[in-house]
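Let me begin by presenting the structure, written as structure tokens, before commenting on it.
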Amino acid sequence: MTGALQLNLTGTQKKQRLLTMIFGAFAIFFTGYPHVWSIYQPHVMEQAGWSQGQASMCFYLALSTFVFGNIVGGRMQNHFKEKTIVWIGGGIFAAGILASAFLIVPTPVPMYLTYGVMQGFGQGMIYTVILATVQRWFPDRTGFASGVVVTANGLCGFFLAPLSRKLLEAEGVQKTLLIVGVAITVSWILCGIFFQAPEKSLINAGGSGVKAGTPEVKQYTSGEMMRTKNFYLLLATMFFGLTSYFMVSPVSQTYQIDLGIPSAVAVSAVMLGSIVNAGARLVLPTLADKVGRIVCIKGVLIVAVIAMGGLFSSRSLAVTVAVVLMYGCYGGIMGSFPSLTSSIFGMKHTGENYGFVMFGIVFATFGAPAISGLVRGNGYGMNVVFGIGAVFAVIAFVCLTLLGRNLVKERAEKSVSTKIGTAL
């Protein structure tokens, strides 16, 4: 994106852009809250008498409805102001967590509706609108802009996991949910107050900065996007790339301990992995603005193949290094895909479009444990699971390579058409 269009902003507009990014990132920080549910789960099971399967469903519902919230929030941007969507989505999110504090009862259905559906759907609505709007404020640095936002999401577990653990032990589940719910409410209100989309007069219709003389990116609707091969290659890249990570993440600590690696080292690997995950979400998209998004994600997938290969073959501390690397690969993919999606399909409908691309996360989340369970159920060890993960990372690399070739071909064809049109 070197030489891309830059906005000519007044001092007031620059201040508004900064406030939108800061308070948008603050609200996005809490969208990582479902990922610390494993810390709450045993306390909820003990208090409400739920089975592990019943308790785990809260996480899966939040994750699934998050994707649908992205799609609905993105579609609402065609009819409502971005600030309005933030108020609605943030309100649903905050209300879901606050209500959950009073619904730890023998039947899990009410909690499914509040902690699962309301939280996930509300999070998805604000996630997509904040991500798309911040990118529009930075048309020449969409990777940097989306990187800042998704980094905030990645940092949630690093900060809220230890805080939640202390609060749960000292205050119990209800008070912990209320405390976190109040914090979410504060972030929602502040974001609603300071969040502002750039005026349409500041940017082109798509909001994407392109080099002078290059063909303008087509602004795909979600329907048009899903009729292209590129969408399915992008979806497949996300699915196969993230499935490898989800094969590792649930067992990253216990697997190391089972190999005889000290517990302190195993725990430290998970903590360090969280830091690397968050760092990759910011560094790689920012780097991609200069060297290209396909190139950066290819690098991530190569690291994933090496890391999964290490998990497959090693029984030493190399496993710990591989675990940390896989956390970084997850952050690299999650940080790079928003701007990659908008660079391929345009900025105009990027919120809704990325919502559909995010089905790759849902498929990976449910697919990884299913594959692991099938392999283990047939008497094979975790090394076989990791071997399959390495193959999946290779498949993701192949899909991304094919996508890159398609994009180069399409741009060359558009460039020729543009030159012919100019000559005529």
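The values are calculated or read from the model by the stated rules, or taken from the named source; none is laboratory data. Remember, it's a predicted structure, so these values are computed and weren't measured experimentally. Using ideal geometry, Cβ is built from the backbone for each residue, glycine included, and neighbour counts are taken over all protein chains shown. Only protein heavy atoms, including side chains, enter the accessible area calculation; ligands, DNA and RNA are left aside. Shrake-Rupley method; radii C 1.70, N 1.55, O 1.52, S 1.80 Å.
GNM remark for the chain: springs join alpha carbons under 10 Å apart, and the peak mean-square fluctuation among GLY335, GLY49, GLY309 falls on GLY49. Could you state the angle between the C-alpha long axis of helix 37-48 and the longest principal axis of the C-alpha atoms of the chain, as a value from 0 to 90 degrees rounded to the nearest 10? Compared with the principal axis, the helix lies near 40 degrees. Straight Cα distances below 24 angstrom link LYS166 to the lysines LYS175, with same-chain residues fewer than 8 positions distant left out.
Report note on the peptides 157-170, 114-127, 82-95: ranked by the mean count of other C-beta atoms within 10 Å, highest first, their order is 114-127, 82-95, 157-170. Among (i) 35, 28, 18; (ii) 40, 24, 23; (iii) 29, 27, 19, only one was calculated for this model; which label is it, if the read-out is semi-axes √(5λ) of the Cα gyration tensor in Å? After the calculation, the listed value that fits is (i). For the range 298-424, the dipole from Cβ point charges (+1 on Lys and Arg, -1 on Asp and Glu) about the Cα centre works out to 240 debye, to the nearest 20. Dipole size in debye (nearest 20) for the chain around its Cα centre, Lys and Arg Cβ +1, Asp and Glu Cβ -1? The dipole of the chain has a size of about 1100 debye. The residues of the chain expose, per residue, 42 Å² of accessible area to a 1.4 Å probe. Surface composition of the range 70-162: carbon and sulfur atoms hold 77% of the protein heavy-atom accessible area at a 1.4 Å probe.
Among the protein heavy atoms of the range 284-424, carbon and sulfur supply 71% of the accessible surface, probe 1.4 Å, non-protein parts ignored. Mind running the shape call on the range 267-377? Use the C-alpha gyration tensor, a ≥ b ≥ c as the square roots of the eigenvalues: rounded below 1.5 for a/c, prolate if a/b tops b/c, oblate otherwise. Since a/c reaches 1.5 but b/c is at least a/b, the shape of the range 267-377 is classed as oblate. Mean-square fluctuations from a GNM of the chain, with a 10 angstrom spring cutoff on Cα atoms, peak among ALA62, ALA264, ALA288 at ALA264.
Protection proxy ranking, highest mean first, for peptides 384-395, 368-379: 384-395, 368-379, where packing is the per-residue count of other beta-carbon atoms within 10 Å, averaged. To the nearest 10 degrees, how steeply does helix 11-29 sit against the main Cα axis of the chain, on a 0 to 90 scale? Roughly 30 degrees, rounded to the nearest 10. If you take all other residues with their beta carbon under 12 Å from the beta carbon of THR176, and give Lys and Arg +1 and Asp and Glu -1, the sum is +1.
Note the angle between two axes, namely the Cα long axis of helix 142-171 and the longest principal axis of the Cα atoms of the chain, as a number of degrees from 0 to 90, rounded to the nearest 10. Orientation of helix 142-171: about 20 degrees from the principal axis.
Our note on the geometry: Cα centres of the range 19-77 and the range 257-314, 23 Å apart. Here the contact order of the chain, divided by its residue count and restricted to Cα pairs under 8 Å and six or more residues apart, works out to 24 percent. Under 29 Å between alpha carbons, and skipping anything fewer than 8 positions from LYS414 in its own chain: which lysines qualify? Partners within reach: LYS200, LYS211, LYS218, LYS229, LYS290, LYS298, LYS348. Taking the charge dipole of the chain about its Cα centre, with +1 at Lys and Arg Cβ atoms and -1 at Asp and Glu Cβ atoms, the residue from LEU155, ALA236, ALA307 reaching farthest to the positive side is ALA236.
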